[in-house]
Amino acid sequence: MKKNMNKTTKNNFITYGMVIAIFVVVQILSSTGNLSRLLTGLLVPICVYIIASLSLNLVVGYSGELSLGHAGFMCVGAYSSALFSHVTSDVLPSVPRLILALLVGAAVAAVFGVLIGIPVLRLRGDYLAIVTLAFGEIIKNLINILYVGVDDKGLHVATSAANLKLDPGGKQIIKGALGVSGTATLYKDIKDYFFLIGVILVLVVLFIIQNLVNSRSGRAITSTRDNRIAAESIGINVTKNKLLAFTISAAIAGVAGVLYAHNLSMLKVSIFDYNMSITILVYVILGGMGNLRGSILATIVLYALPELLRGFSTYRMMIYAIVMITMMLFNWAPAARDFRSRIIEKIKGHVKEKEAA
């Protein structure tokens, strides 16, 4: 037991060390002037997508459920935190305001995770994917018609700008399809540290997920993925554990949405569409389901590669497709071996039962 625990701890520290090493290399390249403005602009979005892919891996990789609504959780986290930042911009300094905004975004996304997860996680496979996809589209369309402002009387919420009825001097924050503007300017004094903040958030997310996976609840979550009937037969509450994973995943996706919203001068709901959910799912699958280090590396490579290949305008997407296929082949080979070994173990177990009988 101690030996296994040491091995797990060692693997965790290797993952932390990999993230820190990447951060150090990027900082060295930036300080020596070897990092272009294009790549510098990609650093914070890469952190956003790493956090999102890690959170989705908790559901897809460890829980074994297919969710296509992750962009919806990012959306509610982004908008709730942006609203909080604008309302408290005259009250709180930048650093504590950003910390509280992260907590607000995570909490709101977690609440939606519970509300969606309770009825949805009783479904399986394609049905779950369809319902979570519908959730993402519903959230996007609801926020698209949402108008929120603040004045001396407090918050005003309406479905059109005309019905908002703000007093003179009031401030309109959420403007329907036009989204939220000026969030990044509220943090202009710490804007240069957003990449560092993103790396710290990645490390915190890794700590949360790795400790959850290696805990008793985490083992219950993975057991329901491997064999739901066997898990239920020994008294594991499958729905409860799946809901736990789904809620934590939603909260972490909300954190990704917060970082995304505060890095943009203009936040629009159209960003959080079906394509974003699919993109995050691609990072998880090609990085390896249940493989956190793989999710990080796949996100970095696949997000930065299209920008790095812009000089090859004719062959850019062909090279990108070849890279994706190569990653898939390298990833699926060990996955197939693992699946085959599990099937063999189950067959051996059935044979032993028959011999005993």
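With the full set of protein chains in place, find how many percent of the accessible area of the chain is carbon and sulfur; take the probe as 1.4 Å. Walk me through the intermediate numbers first.
Details: 12140 of 18550 Å².
Its accessible area is 65 percent carbon and sulfur atoms.
Going by average Cβ neighbours within 10 Å, how do the peptides 6-16, 53-63, 241-251, 133-143 rank, with the highest at the top?
Values: 6-16: 12.4, 53-63: 26.8, 241-251: 24.5, 133-143: 17.9.
Result, highest mean first: 53-63, 241-251, 133-143, 6-16.
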Once you order the gyration tensor axes a ≥ b ≥ c over the Cα atoms, which shape class does region 21-177 get: rounded for a/c under 1.5, otherwise prolate or oblate by comparing a/b with b/c? oblate
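Taking only protein heavy atoms and a 1.4 Å probe, what accessible area per residue, in Å², does the chain have with all protein chains in place?
Numbers: 18550 Å² over 357 residues.
On a per-residue basis, 52 Å².
When the chain is fully extended, how far beyond the present Cα-Cα distance does Y16 get from S233, taking 0.36 nm per residue of separation? Numbers along the way, then the final one.
On the way: separation 217, 0.36 × 217 = 78.12 nm, distance 3.66 nm.
Length difference between fully extended and current span is 74.5 nm.
What's the extension gain from R293 to K153 if we count 0.36 nm per residue and subtract their Cα-Cα distance?
Working: separation 140, 0.36 × 140 = 50.40 nm, distance 4.88 nm.
Between R293 and K153, full extension yields 45.5 nm more.
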Would you calculate the separation in nanometres between label points at D167 and V204, each defined as 7 Å from the Cα along the Cα-to-beta-carbon direction? 3.5 nm
If Lys and Arg each add +1 and Asp and Glu each add -1, what is the summed charge of the other residues whose beta carbon sits under 14 Å from the beta carbon of G154? 0
Options V60, L178, L92, ranked by Cα towards positive dipole end of the chain, top entry (Cβ charges): V60
I'd like the Karplus ³J(HN,Hα) series for region 217-224: coefficients 6.51, -1.76, 1.60, θ = phi - 60°, whole numbers in Hz, and an x wherever there's a Gly or Pro. 5, x, 5, 5, 5, 5, 5, 5
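Given Cβ point charges of +1 (Lys, Arg) and -1 (Asp, Glu) and nothing else, what value in debye, to the nearest 20, does the dipole of the chain about its Cα centre take?
Values: 32 positive and 17 negative charges, 217 e Å.
The dipole of the chain has a size of about 1040 debye.
Just list whichever of K191/K242; K10/K242; K188/K268; K10/K268 have alpha carbons separated by over 31 Å in the model shown.
Working: K191/K242 37 Å; K10/K242 27 Å; K188/K268 20 Å; K10/K268 42 Å.
Distance filter (> 31 Å) returns K191/K242; K10/K268.
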Apply the a/c threshold of 1.5 to the C-alpha gyration tensor of region 170-327 and tell me whether it is rounded, prolate or oblate. oblate
Cα atoms only: what Rg and Dmax, in Å, come out for region 168-233? 21.4, 64
If you average the C-alpha positions of region 156-235 and of region 40-82 separately, how far apart do those two centres end up, in angstrom? 8 Å
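On a full-extension model of 0.36 nm per residue, what is the gain between I145 and R219, subtracting their alpha-carbon distance, rounded to one decimal in nm?
On the way: separation 74, 0.36 × 74 = 26.64 nm, distance 4.21 nm.
Working it through step by step, the gained length comes to 22.4 nm.
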With a/c under 1.5 counting as rounded, go ahead and sort region 58-139 into rounded, prolate or oblate using the C-alpha gyration tensor (a ≥ b ≥ c being the square roots of the eigenvalues; past the cut-off, prolate if a/b is larger than b/c, else oblate). prolate
For region 245-300, what does the relative contact order come out to in percent, with C-alpha contacts under 8 Å and a separation of six or more? 18 percent
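From the helices alone, meaning DSSP H stretches of at least four residues, give me the mean residue ellipticity at 222 nm for the chain, per-run term -39500 (n - 2.57), in deg cm²/dmol to the nearest 500.
Numbers: 12 runs with 250 residues, N = 357.
Mean residue ellipticity, 222 nm, calculated: -24000 deg cm²/dmol.
What order do you get for 256-268, 150-162 when each peptide is scored by the mean count of other beta carbon atoms within 10 Å, highest first?
256-268, 150-162
The values are calculated or read from the model by the stated rules, or taken from the named source; none is laboratory data. Note that the structure is a prediction, hence the values are computed from the model and not measured. Positions of Cβ are generated from backbone atoms using ideal geometry, with glycine treated the same way; all protein chains shown enter the neighbour counts. Heavy atoms of the whole protein, side chains included, go into the accessibility calculation; ligands, DNA and RNA do not. Shrake-Rupley method; radii C 1.70, N 1.55, O 1.52, S 1.80 Å.
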